[in-house]
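Take a look at the structure set out below.
The values are calculated or read from the model by the stated rules, or taken from the named source; none is laboratory data. Note that the coordinates shown come from a computational prediction; the quantities given were computed from them, not determined experimentally. When we count neighbours, we look across all protein chains shown, and the Cβ atoms used for this are built from the backbone with ideal geometry, even at glycine.
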Amino acid sequence: MKKEKLYTLFIVEDGEACTFLLKSKLQKSPEFKIEHYRSGDEVIENLHLNPDMVILDDKLPGMNGIQILQTLKKHFNSIPVIILSTPESSSAFLEYMRDGIYDYLIKEKDSSKLADKLIRRIVKTVKLKEDKDQDIQRIRILMAIVLLILAVVLIFWLVY
């Protein structure tokens, strides 16, 4: 039986209600190990846990979302980061896009809709990542076969 990969998901959010909702919905999925941080400093201190994806609030105490995103991208260039923003701070959208976010969501009054959107996007990200990992494994196997065939041809050519 194949063991499911456990994905480490960082939630970087200082709002208690949003955090509670996200954690309660995401903990229902056994493929996620959820780590919660309330500030940029906390998340930077825990980068050694190698997150697979990050949900990042735009407005946090200390570092802002863009600073945290830039630090994340220095350590993990291809990490998917989903930004949570209020409608008032949506002007930073272009800067986030330039810095390589995966997705950008505006916080809604109905937080359960937001959580559902996030979960759909995270599951999509996980599936894409799994597909990519499988494709890489297939390419490695094909490369090994090609090298083996080339080695046999070379040996045959040298002997005869």
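Listing for the model above:
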| item | result |
| --- | --- |
| Exclusive hit being of a type in the set (Asp, Glu) and under 24 Å from ASP133 (Cβ atoms), set GLU16, GLU31 | GLU31 |
| Residue check for LEU142: farther than 24 Å from MET53 by Cα, at pLDDT 85 or above, part of a helix (DSSP H, G or I) and more than 30 Å from the chain's Cα centre (by Cα) | no |
| Hey, LEU49 of a type in the set (A, V, I, L, M, F, W, C), more than 19 Å from ILE119 (Cα to Cα) and within 17 Å of the chain's Cα centre (by Cα) or not | yes |
| Test: residue in segment 38-53 that is in contact (Cβ under 8 Å) with a residue 40 or more places away in the chain, within 25 Å of GLU108 (Cβ to Cβ) and among the charged types (D, E, K, R) | no |
| Checklist (1) in contact (Cβ under 8 Å) with a residue 12 or more places away in the chain; (2) farther than 18 Å from LEU118 by Cβ; (3) not hydrophobic (A, V, I, L, M, F, W, C) applied to LYS74, failing item | (1) |
| Residue list for segment 1-24, filter: in contact (Cβ under 8 Å) with a residue 60 or more places away in the chain and buried (at least 16 other Cβ atoms within 10 Å of the Cβ) | TYR7, LEU9, GLU13, CYS18, LEU21, LEU22 |
| Extreme residue, modelled with the highest pLDDT, among residues of segment 66-107 that are outside any loop (DSSP other than H, G, I, E, B) and among the hydroxyl-bearing types (Ser, Thr, Tyr) | THR71 |
| Qualifying positions in segment 25-37 - touching a residue at least 40 places away in the same chain (Cβ under 8 Å) and either of a type in the set (Val, Ile, Thr) or part of a loop (DSSP other than H, G, I, E, B) (or both) | SER29, GLU31 |
